[in-house]
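Some notes on the structure that comes next.
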Amino acid sequence: MAISRPTMAQLRAFLALAEHLHFRDAAAALRMSQPALSGAVAALEENLGTRLVERTTRKVLLTPAGEQVARRAEVVLAELDRLVDEVKAVQGLLVGPLRVGVIPTVAPYLLPIVLPRLAKEYPDLELSVHEEQTEHVVAELLAGRLDVVLLALPVPAAGVTEIVLYDEDFVLVAPAGFELGDEEIAREALNDMDVLLLNKGHCLRDQALEICRDVGARTAAATYATSLATLVQLVSGGLGVTLVPETALPVETRRAPNLGLHRFASPAPFRRIGLGFRATSPRADEFEALAESVRVAVAESGVAPGIRRA
């Protein structure tokens, strides 16, 4: 029986299915419809003349042939992505498509500052932005579906090269009238407060928890939010206090009344923001140029006093 060559689209669809073992999740990861992904996998099976997956009522299992194809497809697609990256690197800095992943606690505050500068400096750059939590953007980066990610450092995965952009302080946001005075406060002041947090999956939640643990502060176990905007609104309503990074303050505090902002005495708690890209990528020079554009855009914006070039 003659075997037809599989297409790259078929291999990408099958590799996503092999990773997620679920048609809906695999289709969502590739941003395609479930019928389209199912059709691509079926076409690959027909081309190769063998069953690659075993479909059960709840999940997908790989056949022995499917496991072998998945291993080889990963190598083939990685080499294809490398070929494309090498060609882009030869063409010049930041020319053509660039797929950027950004975490939700950075995207709405930094992108309005950075995107106009990138459009002016690199008019031939074809930028696409994907906003997801840290774990997801890092997984997409390592899978080759993103080129570079903008997130809080350190990156929680091996095989990713980091470029530091800047450090930014956390500011305590409390209900107006909270008796903290006008002076800078010590971290230990958190001991007497209920600190509101983001839901699990947000790196900002983990950073806030670490700050609280360092001083023995308690967190409000029954109250969580999916966004900084909601957290600040909860504080405005008197449910507790929260920690907000400097870049988010101008946006989020403008939307909520009855707030008091309190900066910490030195050394203030902070987070480090940076870029991450695959250590094997040949586009390191491009990402260094991208990082410098971000640094300059942030510095020129004057968005907040508690931001320092690291």
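The values are calculated or read from the model by the stated rules, or taken from the named source; none is laboratory data. As the structure is a prediction and not an experimental result, all values here were calculated from the model. Here the Cβ is made from the backbone with ideal geometry for all residues, glycine too, and neighbour counts use every protein chain on show. Only protein heavy atoms, including side chains, enter the accessible area calculation; ligands, DNA and RNA are left aside. Shrake-Rupley method; radii C 1.70, N 1.55, O 1.52, S 1.80 Å.
Of note:
- Residue-averaged [θ]222 nm for the chain, counting only DSSP H segments that reach four residues, each worth -39500 (n - 2.57): -13500 deg cm²/dmol
- Put a plus charge on the Cβ of each Lys and Arg, a minus charge on the Cβ of each Asp and Glu, and nothing anywhere else: the dipole of the chain about its Cα centre is then about 940 debye.
- Across the stretch 60-189, Cα pairs under 8 Å and at least six residues apart give a relative contact order of 24 percent.
- Normalising the Debye intensity of the stretch 1-60 to I(0), with uniform scatterers on Cα atoms only, and taking log10 at q = 0.14 Å⁻¹ returns -0.34.
- As an equivalent ellipsoid, the stretch 108-196 spans semi-axes of 35, 19, 12 angstrom, where each value is the square root of five times an eigenvalue of the C-alpha gyration tensor, largest first.
- Net charge of the neighbourhood of ALA18, taken over other residues with C-beta under 10 Å away and scored Lys/Arg +1, Asp/Glu -1, is -2.
- Estimated distance in nm for a label pair at LEU111 and VAL296, the labels positioned 7 Å out from Cα along Cα-to-Cβ: 2.3 nm
- FRET efficiency for the pair GLU79 and ARG255, taken as 1/(1 + (r/R0)^6) with r the Cβ-Cβ distance and R0 = 51 Å, rounds to 0.60.
- Derived scalar couplings between HN and Hα for the stretch 14-31 equal 5, 5, 5, 5, 5, 6, 9, 6, 7, 5, 5, 5, 5, 5, 5, 5, 8, 6 Hz in order, rounded to whole Hz, by the Karplus curve 6.51 cos²θ - 1.76 cosθ + 1.60 (θ = phi - 60°), x for Gly and Pro.
- Dipole of the stretch 224-310, positive direction: furthest Cα of ALA225, ALA284, GLY274, with charges on the beta-carbon: ALA225
- Among 198-208, 123-133, the order from most to least packed when residues are scored by Cβ within 10 Å on average: 198-208, 123-133
- Loop-located trypsin sites (Lys or Arg not before Pro) across the stretch 1-76 with a Cβ neighbour count of 14 or fewer within 10 Å are ARG31, ARG51, ARG58, LYS59, with loop assigned by DSSP.
- In loop segments of the stretch 134-199 as defined by DSSP, the GluC sites (Glu not before Pro) with at most 10 further C-beta atoms inside 10 Å of their C-beta are GLU179, GLU183.
- Pairs of C-alpha atoms in the stretch 27-172 farther apart than 25 Å represent 45 percent of all such pairs.
- Ranking ALA143, PRO156, SER128 by Cα position along the charge dipole of the stretch 127-186, where only Lys, Arg, Asp and Glu carry charges on their C-beta atoms, puts ALA143 farthest toward the positive end.
- Ranked by the mean number of other Cβ atoms within 10 Å of their residues, highest first, the peptides 289-297, 250-258 fall in the order 289-297, 250-258.
- Here the stretch 38-93 is treated with +1 on each Lys and Arg Cβ and -1 on each Asp and Glu Cβ, and its dipole about the Cα centre works out to around 280 debye.
- Global form of the stretch 69-118, assessed from the alpha-carbon gyration tensor, a/c cut-off 1.5: oblate
- The angle separating the long axis of helix 34-48 from the principal Cα axis of greatest extent in the chain is about 30 degrees.
- For MET32, solvent-accessible area (1.4 Å; no DNA, RNA or ligand), Å²: 70 Å²
- Summarising the amide proton neighbourhood of MET193: residues at separation of 5 or more, or on other chains, whose placed amide H is nearer than 5 Å comprise ARG218.
- The magnitude of the dipole of the stretch 153-282, with charges of +1 and -1 set on the Cβ of Lys/Arg and Asp/Glu and taken from the Cα centre, is near 580 debye.
- C-alpha long axis of helix 64-91 to longest principal axis of the chain, angle in °: 70 degrees
- Average accessible surface for the chain: 49 Å² per residue, computed with a 1.4 Å probe over protein heavy atoms with every protein chain in place.
- Estimated FRET transfer efficiency (GLU126, ARG58; beta-carbon r; R0 41 Å; 0.05): 0.55
- Take the convex hull of the alpha carbons in the chain; its mean projected area over all directions comes to 18.9 nm².
- Ordering of 260-273, 147-160 by packing [mean C-beta count within 10 Å, highest first]: 147-160, 260-273
- Among LEU234, GLY177, THR56 - extreme Cα towards positive end, dipole of the chain, charges at beta-carbon: THR56
- Note on the stretch 201-252: Rg/Rh from C-alpha atoms, Kirkwood Rh, equals 0.94.
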